[in-house]
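What follows is one structure encoded as structure tokens, with my remarks underneath.
The values are calculated or read from the model by the stated rules, or taken from the named source; none is laboratory data. None of these values were measured; they are calculated from a predicted model. A quick note on method: Cβ atoms are made from the backbone with ideal geometry, for glycine too, and the neighbour counts reach across all protein chains shown.
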Amino acid sequence: MHEILSRLEEIGIIPVIKIDNAAKAAPLAKALAAGGIPCAEVTFRTAQGAEAIKLISEQAPEVLLGAGTILTVEQVDKAVAEGAQFIVSPGFNPKVVARCIEKGVPVVPGCANPSDIEQALEFGLEAVKFFPAEQAGGLDYIKAVSAPYASLKFIPTGGINQDNVGKYTCFEKILACGGSWMVSADLINADNFTKITALCKEAVERMLGFSMTHIGVNTRDEAEARKSAALFETIFKFASRETSGSIFASEDIEIMKGPGMGTHGHIAIAVNSVLKAWRHLERQGVVFNKESVKYAPSGRLNLIYIQDEIAGFAVHLVQKK
């Protein structure tokens, strides 16, 4: 996958921005980054779009910068010249796509049906925008239409908000979600960048959906594990479930058949996307044990441990089903 698309996948949310005053663009971009979303798609819906891209490129280079609502090859040229690193269009325009490929800039055209998708595949594209997402059938439609196209990723945009972003993120073919709920025109025009940062932080939390799924307890050996599981079943009537390396005394308590990760055991934190959670926490300074990575049969990242223990417990992220 193109490096820019990989970075978009790691960030997970693409704020779609309509700029009425280019002078507000750089402070806005910095507010997004401070909120955990170092990314922006500045639309060409206003005359200020190109200038806003230029200012963000110059003053907030840490932000992955795209140009949206690109309708013509001339707009492609202008956006790239001002510093856009990726291009987004509302529909599939072969001339726009061809110009982006010619310039070596990733393009994510809007596709809402199999015919659009197959045009995108003919151009060798790795991701498409699904627009308008909620109005066109939402996640259920994406799951259905994506089935024949194993390698293609989707960026749903339109109707995405804090209440449904986590649901979309959990599906492995979602590259990222586009939305504007954290960057309303009223907040931008009022210079309320503190509020934008707060909304971005909330959006990231909703996207990742952290929740504790189970605690793993270390034992000396398999015999102790079986004895412990039997006590949980006898006292609390918890049904047990056995795996090759452990016995689940309930879905919340995993008893290891010997010493496992962590001094005392481990804590599993379920997330909507292990990849996105890993990269987000890494940007916050959390160190991960890369040797602990595990993948699902589909190839999706399924598990990774944090490097340091917490109160004697190893902590790992695990993909929600």
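Residues that are in contact with a Leu (Cβ under 6 Å, 6 or more places away or on another chain) and touching a residue at least 60 places away in the same chain (Cβ under 8 Å) number at least 1 in the following helices (runs of 4 or more DSSP H) confined to region 1-103: 3-11.
Ser151 meets each of the listed conditions (1) assigned to a loop (DSSP other than H, G, I, E, B); (2) within 19 Å of the chain's Cα centre (by Cα); (3) within 30 Å of Lys18 (Cβ to Cβ) apart from (3).
Listed by first and then second residue, the pairs linking a residue in region 244-272 that is over 12 Å from Glu309 (Cβ atoms) and free of Cβ contacts under 8 Å to residues at least 40 places away in the same chain to a residue that is basic (Lys, Arg) and part of a loop (DSSP other than H, G, I, E, B), with Cβ atoms under 8 Å apart and 6 or more places separating them unless they lie on different chains, are Gly245/Lys257; Ser246/Lys257; Ile247/Lys257.
If you scan region 130-148, which residues turn out to be in a loop (DSSP other than H, G, I, E, B) and either loosely packed, with under 15 Cβ neighbours inside 10 Å or touching a Cys at 6+ places or on another chain (Cβ under 9 Å) (or both)? Let's see the steps before the verdict.
Of all residues in region 130-148, those in a loop (DSSP other than H, G, I, E, B) come to 131-137, 147-148.
Selection gives Phe131, Ala133, Gln135, Ala147, Pro148.
Screening the candidates Gly104, Gly66 for the property of being farther than 20 Å from Pro156 by Cα and either assigned by TED's automatic domain parsing to the domain that holds Pro132 or buried (at least 17 other Cβ atoms within 10 Å of the Cβ) (or both) yields one hit, Gly104.
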